[in-house]
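> Please see the structure below; I have some questions.
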Amino acid sequence: MHFSSGMRDYKIIIIGGGISGLSTGLAFSKLYNLKETPALIIEKQKTVGGCVTTFARDSYRFDTVQIIPDVKNLLKFFDISTDLVKFDHNYANLYLVNSETESIETIPIAADEINFQDFLCIRYPSDAKKIKRFFRYCNRMHSELKFLKTEPKILDIAKILIKCPKILYNSSTTYKAFLKKFKFKNSEVYEVLDVFSSFSGLSGNRCAALLTACAMVTTLKGSYRPKKGFITFPHLFRNKFIDLGGEVLTNTEVKQIITENNTVKGVILSDGRQIKSEIVVSTADTRNTFVDMTGLDILKSANKKYAEKVKNVKMSPSAIAIHIGLDDIIDLKSFGLDTGYNVITTGRATHEKLFDEWEQGFHYKSEKEFHFGVISPSATIGGKQTLILHVVPVPSEKWIKLKKQDHEKYLLEKNKIADFYIDLTEKYLIPKLRNHIKIVDVSTPATYSRYIGSPDGANFDMMPVPENFGKNRLKSRTPINNLYIAKFSHGIWPSMQAGLQIADMISGGKIMKGNASYL
Ligand SMILES: Cc1cc2nc3c(=O)[nH]c(=O)nc-3n(C[C@H](O)[C@H](O)[C@H](O)COP(=O)(O)OP(=O)(O)OC[C@H]3O[C@@H](n4cnc5c(N)ncnc54)[C@H](O)[C@@H]3O)c2cc1C
């Protein structure tokens with residue numbers, strides 16, 4: 001292979017400047033002096049961040065993401081500091097709607113596990129013991145994480161068998177099945193605890209129990225948002241990486257990953273330039289990485305089983321986000337919206353139904369059955385008043401096609417969908433909301449597909465169902481030598497972990513001693 005880019009040869013090329021790519025770059029800087037060992041991040045957008053960004057519409061600023069657990073130890077590892085606002089009152093509200101009686105019940109989720117537990121025990125006294133057992137169990141399962149290894153050897157496996165009984169026992173369990181094991185008497189307890197599956201981006205009957213339970217434990221220990229918007233993270237990460245000697249190429253798309261004799265050799269950019277690199281780490285959409293950039297045939301000849309898994313991997317759903325700018329008169333705090341995230345739902349069964357319909361390619365919409373997120377970032381970090389309605393799951397195909405084929409109709413449909421969810425919000429949560437709206441901006445699956453580069457608009461890459469999660473997840477060390485995918489799980493914290501995992505694998509354990517996470 002003749003390389004013709006006019007660029008230097010790299011030790012490592014990272015495809016994608018989202019949190020996983022930037023974290024990989026920073027973790028790599030712990031192994032090598034980047035001024036002597038060239039490292040390059042290639043990002044197809046104008047700026048880094050990927051899913052994690054902040055954008056302006058008129059004078060309003062919106063974050064794409066809303067909430068993170070405590071990432072202080074990871075920021076410390078990366079030597080990065082930023083101001084984070086902690087949700088110290090309620091970290092979320094669950095609004096349970098009875099659409100027949102048009103009544104609504106607000107269940108606050110305290111930003112502290114003990115307070116939340118106490119609240120549940122008082123509200124559901126006949127289930128108090130079981131509720132305590134549930135939290136105890138989840139905490140113990142979470143504490144077992146420290147014994148997991150990314151690439152366990154025989155001795156590690158023996159240790160995991162002894163030290164991680166709860167993780168192993170629940171590794172094939174969905175969160176819904178997991179909840180059932182605690183045999184709560186009051187069905188509302190299931191409704192309330194199910195809210196954590198919404199935060200994991202799936203319905204409880206699909207989401208891996210380990211993911212949801214551990215995400216619950218960590219977010220209840222403390223949840224945050226950056227004071228100056230989520231874009232602060234990628235910007236700080238990028239600046240640090242460049243200061244350390246790393247290079248970042250934005251507005252540049254990788255078209256192909258070059259392999260030779262089952263070993264990665266570099267990448268080809270969409271402008272035809274070829275860049276040589278000893279190691280390539282992709283953080284792009286998993287299917288995109290293998291099907292479009294590497295080629296399934298090449299992957300198949302390296303490892304048939306791995307290629308088969310890629311072919312059948314379930315990708316996560318897409319979403320619609322309705323960004324609303326409001327006047328200064330309305331007081332969103334007075335509606336109790338000064339939390340990290342709120343879910344308004346007609347119940348678990350609705351959430352499951354939405355996913356059943358999504359799997360058939362439909363977006364189920366009914367005034368009688370609905371489930372979506374309502375977030376007011378301005379109520380917690382100040383600034384001009386904003387509200388975001390977040391709808392998951394949404395099938396992508398129709399939106400992607402419509403945007404390409406009939407832009408006018410696409411805009412009309414976007415407005416229609418925004419109206420539907422704004423009406424519900426006005427009816428149940430914020431009376432006279434419409435009188436205060438100044439601007440509305442809607443992101444559809446077509447927006448996400450284009451921005452992230454995910455062919456089917458998947459917001460969270462691989463779907464965290466049990467057969468796709470934990471030990472069943474597609475391995476980060478691919479069967480092609482020196483080609484890695486940084487995919488721990490979705491979320492900002494897991495994306496940081498993904499970067500550390502890759503540097504750890506490359507270095508034979510110099511970052512985390514082979515541990516699966518940096519806790
Ligand atoms: C709407 C939404 C809300 C979310 N809310 C939260 C939240 O509240 N809290 C939380 O913790 N997580 C949240 N997440 C999840 C979290 O943002 C993501 O899991 C995480 O940011 C993924 O980071 P990443 O770097 O792995 O992937 P991405 O952010 O997708 O980054 C991949 C990057 O690769 C680039 N790329 C793709 N293909 C190519 C190519 N061929 N060449 C060059 N570059 C390429 C893309 O442009 C992108 O910048 C949310 C995600 C979405 C979409």
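> Taking GLY21, is it on the phi > 0 side of the Ramachandran plot and buried (at least 22 other Cβ atoms within 10 Å of the Cβ)?
So GLY21 fails the test.
> Any idea how many residues of the range 21-60 are within 12 Å of ALA486 (Cβ to Cβ) and in contact with a Gly (Cβ under 6 Å, 6 or more places away or on another chain)?
6
> Quick check on VAL97: is it in contact with a Leu (Cβ under 9 Å, 6 or more places away or on another chain), aliphatic (A, V, I, L, M) and more than 16 Å from the ligand (Cβ to nearest atom)? First the steps, then the outcome.
Working: in contact with a Leu (Cβ under 9 Å, 6 or more places away or on another chain): yes; aliphatic (A, V, I, L, M): yes; more than 16 Å from the ligand (Cβ to nearest atom): yes.
When the stated conditions are applied, VAL97 passes them.
> Answer yes if at least one residue in the range 281-293 is more than 16 Å from the ligand (Cβ to nearest atom) and either crowded, with 17+ Cβ neighbours inside 10 Å or more than 20 Å from GLY25 (Cβ to Cβ) (or both), and no otherwise. Talk me through it step by step, then tell me what you get.
So in the range 281-293, the residues more than 16 Å from the ligand (Cβ to nearest atom) come out as none.
No, the range 281-293 has no match at all.
> Would a scan of the range 316-331 turn up a residue that is in contact with a strand residue (DSSP E or B) (Cβ under 8 Å, 6 or more places away or on another chain) and either in a helix (DSSP H, G or I) or of a type in the set (Phe, Trp, Tyr) (or both)?
So far as the range 316-331 goes, no, none of its residues is in contact with a strand residue (DSSP E or B) (Cβ under 8 Å, 6 or more places away or on another chain) and either in a helix (DSSP H, G or I) or of a type in the set (Phe, Trp, Tyr) (or both).
> Which one is surrounded by the fewest Cβ atoms within 10 Å (Cβ to Cβ), of the residues in the range 29-46 that are of a type in the set (S, T, N, Q) and more than 10 Å from the ligand (Cβ to nearest atom)?
ASN33
> Restricting attention to the range 486-507, report how many residues are under 9 Å from the mean Cα position of the chain (by Cα) and among the hydrophobic types (A, V, I, L, M, F, W, C).
Adding up the residues that qualify gives 2.
> What are the residues in the range 485-513 that are in contact (Cβ under 8 Å) with a residue 12 or more places away in the chain, within 11 Å of the ligand (Cβ to nearest atom) and not in a loop (DSSP other than H, G, I, E, B), if any? Even if it seems obvious, please write down each step before you answer.
At the first step, the residues of the range 485-513 found to be in contact (Cβ under 8 Å) with a residue 12 or more places away in the chain are 485-493, 495-507, 510-512.
Filter again for within 11 Å of the ligand (Cβ to nearest atom), leaving 485-493, 495-499.
Within the range 485-513, ILE485, ILE492, TRP493, SER495, MET496, GLN497, ALA498, GLY499 meet the criteria.
> Let me ask something additional. Could you identify the single residue in GLU100, GLU105 that is among the charged types (D, E, K, R) and either more than 21 Å from ILE375 (Cα to Cα) or in contact (Cβ under 8 Å) with a residue 24 or more places away in the chain (or both)?
GLU100
> Can you tell me how many residues in the range 5-28 are within 14 Å of GLN501 (Cβ to Cβ), near the ligand (Cβ under 10 Å from one of its atoms) and of a type in the set (A, V, I, L, M)?
The first filter runs over the range 5-28 and keeps only residues within 14 Å of GLN501 (Cβ to Cβ), leaving 14, 19-21, 23-28.
Narrowing the set further to residues that are near the ligand (Cβ under 10 Å from one of its atoms) leaves 14, 19-21, 23-24.
Pick out the ones that are also of a type in the set (A, V, I, L, M) and you get 14, 19.
The number of residues fulfilling the criteria is 2.
> Follow-up question, since we're still on this one. Which of the residues spanning the range 424-447 are of a type in the set (Asp, Glu) and more than 20 Å from PHE335 (Cα to Cα)?
Of everything in the range 424-447, just one residue is of a type in the set (Asp, Glu) and more than 20 Å from PHE335 (Cα to Cα), namely ASP441.
> Can I ask one more? Quick check on the range 110-117. Is at least one of its residues assigned to a helix (DSSP H, G or I), within 16 Å of the ligand (Cβ to nearest atom), buried (at least 18 other Cβ atoms within 10 Å of the Cβ) and among the aliphatic types (A, V, I, L, M)?
Checking the range 110-117: not a single residue is assigned to a helix (DSSP H, G or I), within 16 Å of the ligand (Cβ to nearest atom), buried (at least 18 other Cβ atoms within 10 Å of the Cβ) and among the aliphatic types (A, V, I, L, M).
> Does any residue of the range 394-412 turn out to be closer than 24 Å to THR345 by Cα, touching a Gly at 6+ places or on another chain (Cβ under 6 Å) and not charged (D, E, K, R)?
So far as the range 394-412 goes, yes, one or more of its residues are closer than 24 Å to THR345 by Cα, touching a Gly at 6+ places or on another chain (Cβ under 6 Å) and not charged (D, E, K, R).
> Filter the range 493-519 down to the residues that are touching a helix residue (DSSP H, G or I) at 6+ places or on another chain (Cβ under 6 Å) and surrounded by fewer than 23 Cβ atoms within 10 Å (Cβ to Cβ), then identify the one that is farthest from SER143 (Cα to Cα).
ILE511
> Quick one: ASN482 ticks every box in (1) away from the ligand (no atom under 15 Å from the Cβ); (2) of a type outside the set (Gly, Ala, Ser); (3) in the same structural domain as PRO395 (by TED's automatic domain parsing); (4) surrounded by fewer than 20 Cβ atoms within 10 Å (Cβ to Cβ) except a single one, so which number is it?
Result: ASN482 passes all but (3).
> Suppose the filter is buried (at least 18 other Cβ atoms within 10 Å of the Cβ), in the same structural domain as ARG123 (by TED's automatic domain parsing) and among the basic types (Lys, Arg); does ARG206 pass it? Write out each step before concluding.
Working: buried (at least 18 other Cβ atoms within 10 Å of the Cβ): yes; in the same structural domain as ARG123 (by TED's automatic domain parsing): yes; among the basic types (Lys, Arg): yes.
Here the answer is yes, as ARG206 does meet what is asked.
> Still on this structure, I have one more. Filtering the range 369-404 down to residues that are within 18 Å of ASN459 (Cβ to Cβ) and of a type in the set (Phe, Trp, Tyr), which residue is nearest to the ligand (Cβ to nearest atom)?
This residue is PHE372.
> Here's something else I'd like to know. Give the range 56-67 a look and list any residue that's of a type outside the set (Ser, Thr, Tyr) and over 24 Å from SER198 (Cβ atoms), or say none.
Hits for the range 56-67 are ALA56, ARG57, ASP58, ARG61.
> If we keep just the residues of the range 58-86 that are charged (D, E, K, R) and away from the ligand (no atom under 11 Å from the Cβ), which is farthest from ARG238 (Cα to Cα)?
We begin by selecting, within the range 58-86, every residue charged (D, E, K, R); these are 58, 61, 63, 70, 72, 76, 79, 83, 86.
After this cut, where a residue has to be away from the ligand (no atom under 11 Å from the Cβ) as well, the list is 58, 61, 70, 72, 76, 79, 83, 86.
Working: ASP58: 27, ARG61: 21, ASP70: 21, LYS72: 18, LYS76: 15, ASP79: 12, ASP83: 17, LYS86: 24 Å.
Looking at the filtered set, the residue picked out is ASP58.
> What's the number of the only condition in (1) assigned to a loop (DSSP other than H, G, I, E, B); (2) under 21 Å from the mean Cα position of the chain (by Cα); (3) modelled with pLDDT of 95 or more that THR339 fails to meet?
With respect to (1) assigned to a loop (DSSP other than H, G, I, E, B); (2) under 21 Å from the mean Cα position of the chain (by Cα); (3) modelled with pLDDT of 95 or more, THR339 is out only on (3).
> Looking only at the range 359-380, decide whether some residue is over 30 Å from PRO464 (Cα atoms), crowded, with 17+ Cβ neighbours inside 10 Å and under 25 Å from the mean Cα position of the chain (by Cα).
Yes - at least one qualifying residue is present in the range 359-380.
> On the basis of being buried (at least 17 other Cβ atoms within 10 Å of the Cβ), among the acidic types (Asp, Glu) and modelled with pLDDT of 95 or more, does GLU247 make the cut?
Yes; evaluated as a whole, the condition is true for this residue.
> State all residues of the range 463-519 that are among the basic types (Lys, Arg) and more than 29 Å from ASN205 (Cα to Cα); if no residue qualifies, say none.
ARG477, LYS510, LYS513, listed by residue number.
The values are calculated or read from the model by the stated rules, or taken from the named source; none is laboratory data. All values derive from a computational prediction rather than experimental measurement. Cβ atoms come from the backbone with ideal geometry, glycine included; neighbour counts cover every protein chain shown.
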